[in-house]
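One structure is given below, encoded as structure tokens.
Each value in this text was obtained by applying a stated rule to the coordinates, not by laboratory testing. What you see is a predicted model, and the numbers here were worked out from it, not measured in a lab. Cβ: placed from backbone, ideal geometry, glycine included. Neighbour counts: every protein chain shown.
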Amino acid sequence: MSQSAEHDRISLSPPHMSGRELTLVHEAFDSNWIAPAGPHIAAFEREFSRVVNARNAVALASGTAALHLALVALGIGYGDEVWVSTLTFVASVNPIFYVGAQPVFIDSEHSSWNLDPELLAESLEARARKTGKLPKALIVVHLFGQSADMNPILVACDRFGVEVIEDAAEALGADYKERAVGTLGRLGAYSFNGNKIITTGGGGMLVSGDEALINHVRKLAAQARDDAPHYQHSEIGFTYRLSNILAAIGRGQLASLEDRVQARRQNFEHYAQELSGVPGIEFMPEAPWGRHTRWLTCITVDPARFGTDREGVRVALARENIEARPVWKPMHLQPAFSAYETIGGSVAEDLFLRGLCLPSGSTLTYAERQRIIDVIRHAAA
Ligand SMILES: *Cc1c(COP(=O)(O)O)cnc(C)c1O
């Protein structure tokens, strides 16, 4: 390997175009549908629905917008509580504030790194018994490409009348007992941000089995315009539709989803083969209930056994121009959210302190992975 190739930057999760996207974007230009309306949008929604087997889908400007409109459509607002996984990206939580509700942060389980179903069930029961104040909704996150343990979560929420919104932004392509993540709760949100498994350069999708709910979201996303020739509005809307141009990119990307999952799983398999025997390094476990896409391959570093800590490994990689990222800092540790209640939290804190996400793009080559593996192996020295 040449000196310059050795120092080429390796990003955490860069976009990966197939070539099909530009043809579809040209179609958008040729038809002059340069707007948040047009034929690619409906086609993208239809094709996406088919891939995840959802009954209804609406394309939106971002995954955050999808979560925001999910809360609005369910009528969640001032004074309501929404429970949410603490180990996540901030986009799972910000929309709770957009509607004036309050979060309660729920810890993870070690076995999947996702929301702990037992802790959830116990806590709902304790709340019902002690104060009677129950959350209106739960936002359950499918972290780094792996489904949360949805059956017990759905049972607990159903028992206490809590709506379930799935944040599947990181887990398109993952499933739970042969059903796609995002289609198990009342609503499911996905993201096509630049670093996700497929990207439109920025975008999102909201799905539901409830057609009326998705129709309402479609209306809310377009300034909540009533069905009238004049401009009439009976409720407050948003401007959250996806552009026709970006939907064209999304259609091209969606056709490659299965290849992208395979490539990311291959990254994981290579890392695991080379590093799982190294004392002090462990991989995010793969739960038995479905396919983990390995959107990101994440490890934990035990400093006592490995010889340096997570930051030691991250800095060693950064010095070689390789981007790795700590596991999400839990939401209950974020200064912006310090005033809000947390249930548990020690598992998420431990995963944050020891966890590191390795470069995981679907363009990553064998040689690049080998270079990353070598840096990690020598990081302790
Ligand atoms: C990326 C992401 C989102 C939303 O992303 P957008 O950038 O708004 O599309 C939401 N939740 C999680 C967990 C994410 O990783």
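Within the straight-line cut-off of under 18 Å between alpha carbons, the aspartates and glutamates reachable from LYS136 are ASP80, GLU81, GLU122, GLU125, ASP158, GLU163, GLU166, ASP167, ASP210, GLU341, sequence neighbours fewer than 8 places apart in one chain being disregarded. Judged by the mean number of other Cβ atoms found within 10 Å, the most tightly packed of the peptides 163-169, 186-192, 44-50 leads the ranking 186-192, 163-169, 44-50. The lysines whose alpha-carbon is closer than 17 Å to the alpha-carbon of LYS196, local same-chain residues fewer than 8 away aside, do not include any residue. Looking at the chain, what % of the alpha carbon pairs are farther apart than 26 Å? Above the 26 Å cut-off, the chain has 53 percent of its Cα pairs. Mean silhouette area of segment 250-336, derived from the convex hull of its C-alpha atoms and averaged over all directions, reads 8.8 nm². The distance linking segment 54-75 with segment 9-42 is 21 Å (Cα centroid to Cα centroid, whole angstrom). In segment 130-258, inverting the average of 1/r over every pair of distinct C-alpha atoms gives 16.3 Å as the Kirkwood radius.
Relative to its Kirkwood radius, the Cα radius of gyration of segment 17-105 gives an Rg/Rh of 1.10.
Rounded to the nearest 500, the 222 nm mean residue ellipticity of the chain from helices alone is -11500 deg cm²/dmol, with -39,500 (n - 2.57) taken per DSSP H run of at least 4 residues.
Protection proxy ranking, highest mean first, for peptides 198-207, 366-375, 115-124: 198-207, 115-124, 366-375, where packing is the per-residue count of other beta-carbon atoms within 10 Å, averaged.
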